[in-house]
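Peer 1: Sharing a structure, written as structure tokens. Questions coming.
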Amino acid sequence: MVTVSVPDKTYQVQVLDGLRHEIGKKIRQVWSPRQILVITDKNVADLYLSDTVVQLQSAGYQVTTLVLPAGERSKSLASLEKAISCLAEHQFTRADGVIALGGGVVGDLAGLTSATYMRGIAFIQIATSLTAQVDSSVGGKTAINLGQTKNIMGTFYQPDLVLIDPTYLKTLAIRDLVEGYAEVVKCSVLAGGDFWQLTGTIRTVNDILTRSSELITQSVQYKADIVMQDEREAGIRKYLNFGHTIGHAIELLAEGGLRHGEAVAIGMIAITERFVAENISSSEFLQALNRRLQLVGLPVDSVLIRQPATIDQLAHDKKNLSGILQLVAVKEPGQPAIIKKSLAEMTEFIEGAS
């Protein structure tokens, strides 16, 4: 269990095999009986929604469900409107709550729904994908995409509880499991030390599954430590964007051809290659990072990086401050740094690596 404590809230992130069978019990420990809207997607609903609803009803909750299409396209203004309309139609009040049952898309959408309905109602995350379990369910970031701009509309809104059962991962497609592992590697890069050594022992997809509890807990603990020092991303929380500046750009340009974690893996290698060329990162670190990603089948390059549209996308990056991008470089594992580059410099920077 990891405790996250920020100025306005303290909550637990519970990680335990079999936790999905104790959902009603765990939620009763933090919420009194109330109306609950469970937001999920079609893929997760087919596997887990019915059992989750039964547990919640048995615990005394009145449950409404909203099932969205699976995929990034549900992270939209139309889906947000649908979720808020559902709450209003069922006369939810500020004493009621929303549960996200799913991965990062569902969690981000449900979080923003909770933050904006009646200026804020209670929110719980039940994370079912590795990406959500190690990254998006923790820390309070919520967002949707608008057009071709990722995560441009959102806010910080912390949950009351995060439940993580690693056994959910057994029903993920291999590609979906592996893309989440990119975020684990990212955290290990930033943390360095024992965590970096741990990801060095992961050589197969099966290794990810057999050591999932340890990988998830270490990732959550690292992120929680960062969030507790910098909830609103004014300083060191920016480190968590390692690989994301280029990654977000190519993820959108791929139009569904790349998973989020795949784009982040490519982005981590791309940015590190360019900082090796500038003598900021070491070539030994780049090789070790490359090896960790490729061993489990993550991509490490894309032709999209070198497209002019990628540079155009960088202008929409949330770390763009008056034309200056704040890029995350890692000198060695455990040694992240913010390097500032102007948008005008980025064309040469992007084209300047091998």
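The values are calculated or read from the model by the stated rules, or taken from the named source; none is laboratory data. Quick caveat, the model's predicted, so the values are computed rather than measured. Here Cβ is always computed from backbone atoms with ideal geometry, including for glycine, and neighbour counts include all displayed protein chains. Remember, those area values only see protein heavy atoms, side chains included, never the ligands or the DNA or RNA. Shrake-Rupley method; radii C 1.70, N 1.55, O 1.52, S 1.80 Å.
Peer 1: Taking every pair of Cα atoms in segment 1-94, average 1/r, invert it to obtain the Kirkwood radius, and report Rg/Rh to two decimals.
Peer 2: The Rg/Rh ratio comes out at 0.98.
Peer 1: OK, next. Tell me the label-point distance for the pair GLU214, GLU81, using the 7 Å Cα-to-Cβ offset, in nm and rounded to one decimal.
Peer 2: 4.9
Peer 1: While we're on this one: Amide H neighbours of VAL38 under 5 Å, counting only residues 5+ apart in sequence or on other chains, H built in-plane at 1.01 Å?
Peer 2: THR64, THR65, LEU66, ILE99
Peer 1: Here's a follow-up. Hey, what number do you get for the chain at 222 nm if only DSSP H runs of n ≥ 4 count, each worth -39500 (n - 2.57), divided across all residues, to the nearest 500?
Peer 2: When only DSSP H runs of four or more count, the value is -12500 deg cm²/dmol.
Peer 1: Picking from ARG94, ARG20, ARG232, which is most flexible by a Gaussian network model of the chain using Cα springs under 10 Å?
Peer 2: Residue with maximal mean-square fluctuation among ARG94, ARG20, ARG232: ARG94.
Peer 1: Here's another thing I want to ask about it. Convert 25 °C to kelvin, take the viscosity as 0.890 mPa s, use the Kirkwood radius over C-alpha pairs of segment 186-349 as Rh, and evaluate the Stokes-Einstein diffusion coefficient in µm²/s, rounded to a whole number.
Peer 2: 151
Peer 1: Hey, another quick one. Provide, for q = 0.18 Å⁻¹, the log10 of I(q)/I(0) from a solvent-free Debye sum over equal Cα point scatterers in segment 1-169.
Peer 2: -1.12
Peer 1: Roughly how far apart, in whole Å, are the Cα centres of segment 91-145 and segment 210-263?
Peer 2: Centre-to-centre distance over Cα atoms comes out at 17 Å.
Peer 1: Further, regarding this structure: Run the 1.4 Å probe and let me know the accessible area of ILE324, rounded to the nearest 10 Å².
Peer 2: Taking all protein chains as shown, ILE324 has close to 60 Å².
Peer 1: Then there is this: Taking only complete DSSP H runs, can you tell me which helices of the chain stretch 24 Å or more along their own long axis by Cα positions and average at least -1.0 on the Kyte-Doolittle scale?
Peer 2: Answer set is 174-191, 212-229, 260-277.
Peer 1: Can you list the lysines whose alpha carbon sits under 30 Å from that of LYS170, skipping same-chain ones fewer than 8 residues off?
Peer 2: Excluding near neighbours in sequence, the set is LYS25, LYS26, LYS42, LYS75, LYS141, LYS150, LYS186, LYS223.
Peer 1: Something else now. Could you list which residues have their amide H under 5 Å from that of GLY334, counting only those 5 or more apart in sequence or on another chain, with H placed in the peptide plane?
Peer 2: Those lying under 5 Å, H to H, from GLY334 are LEU190, ALA191, GLY192.
Peer 1: Convert each backbone phi in segment 91-96 into a coupling constant with the Karplus relation 6.51 cos²θ - 1.76 cosθ + 1.60 (shift: θ = phi - 60°), then list the ³J(HN,Hα) values in order as whole Hz, x for Gly and Pro.
Peer 2: 6, 5, 10, 6, 8, 9
Peer 1: A further question on this structure: Highest GNM mean-square fluctuation, the chain, Cα pairs closer than 10 Å: which of ALA265, ALA315, ALA344?
Peer 2: ALA344
Peer 1: Determine ³J(HN,Hα), in whole Hz, for all residues of segment 160-168 in sequence, where each value follows from phi through the Karplus function 6.51 cos²θ - 1.76 cosθ + 1.60 and θ = phi - 60°; x replaces Gly and Pro.
Peer 2: Per residue, the Karplus-derived 3J(HN,Hα) values read 8, 6, 10, 10, 10, 10, x, 5, 4 Hz.
Peer 1: Ok, one more. Rounded to whole Å, give me the distance from the Cα center of segment 152-203 to that of segment 274-302.
Peer 2: The two parts, judged by their Cα centres, are 19 Å apart.
Peer 1: Work out how far the C-alpha atoms of segment 98-173 reach from end to end along every principal axis, then list the three figures in whole Å, largest first.
Peer 2: Answer, in whole Å and largest first: 35, 30, 16 Å.
Peer 1: Here's something else I'd like to know. Could you give me the ³J(HN,Hα) list for segment 298-307, computed from phi with Karplus coefficients 6.51, -1.76, 1.60 and θ = phi - 60°, whole Hz, x at Gly and Pro?
Peer 2: 6, x, 10, 7, 7, 5, 5, 4, 9, 8
Peer 1: Additional query: Extension gain GLN29-LYS331, at 0.36 nm per residue separation less the Cα-Cα distance, in nm?
Peer 2: The GLN29-LYS331 span can extend by a further 104.4 nm.
Peer 1: Hey, another quick one. Percent antiparallel among DSSP beta bridges with both residues in segment 1-169, to the nearest 5?
Peer 2: Bridges in segment 1-169 are about 30 percent antiparallel.
Peer 1: According to the Kirkwood expression over distinct Cα-Cα pairs, how big is the hydrodynamic radius of the chain, in Å?
Peer 2: One decimal place: 20.4 Å for the Kirkwood radius.
Peer 1: With springs connecting C-alpha atoms under 10 Å apart, model the chain as a Gaussian network and identify which of GLU284, GLU262, GLU273 has the largest mean-square fluctuation.
Peer 2: Result: GLU284 has the largest fluctuation of those listed.
Peer 1: Leaving out ligands, DNA and RNA but keeping every protein chain, what accessible area does SER58 have, in Å² rounded to the nearest 10, with a 1.4 Å probe?
Peer 2: 100
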